[in-house]
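What follows is one structure encoded as structure tokens, with my remarks underneath.
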């Protein structure tokens, strides 16, 4: 179970991956609402499972013991069930690998979706776009300072 005040170690990478998916979607269509974009991003493939290896390992251990993940939100539960399905496949095909090694490999594989709700994607997208815009303005400002030397 996730603890209070816990945070994700790879927020920047996840946000960059969401921005990549956002740019791919808007490059295909011109007139599309942001809610439609968020829905498409939520189901688009991600470059990895956005969960720590420790948390995924714990979930795999729980599922191995026969515990249920009924208390989780549906998207997170789907993610852990997909990780567990892949774990079973790997452990049958590579019995010499340790459980932690298998889970580490799975977490760094491409995921079939982001396993986020469209509402969560929308919040992350707004924040990521704002950060990208601020970064662009700061770079532009530093270039102007360098060119003019007076700003």
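Data overview
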{"item": "Residue check, residue 128 under 20 Å from residue 9 (Cα atoms), touching a residue at least 24 places away in the same chain (Cβ under 8 Å), assigned to a helix (DSSP H, G or I) and not assigned by TED's automatic domain parsing to the domain that holds residue 27", "result": "no"}
{"item": "Condition broken by residue 50, with the remaining ones in (1) in a loop (DSSP other than H, G, I, E, B); (2) loosely packed, with under 15 Cβ neighbours inside 10 Å; (3) touching a helix residue (DSSP H, G or I) at 6+ places or on another chain (Cβ under 9 Å) satisfied", "result": "(2)"}
{"item": "Test result for residue 101, over 24 Å from residue 11 (Cβ atoms) and either outside any helix (DSSP H, G or I) or in contact with a helix residue (DSSP H, G or I) (Cβ under 7 Å, 6 or more places away or on another chain) (or both)", "result": "no"}
{"item": "Residue match in the range 58-74 (condition: assigned to a helix (DSSP H, G or I) and under 16 Å from the mean Cα position of the chain (by Cα))", "result": "yes"}
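The values are calculated or read from the model by the stated rules, or taken from the named source; none is laboratory data. This structure is a prediction, so every number in the text was calculated from the model and none was measured. Backbone-built Cβ (ideal geometry, glycine too); neighbour counts: all protein chains shown.
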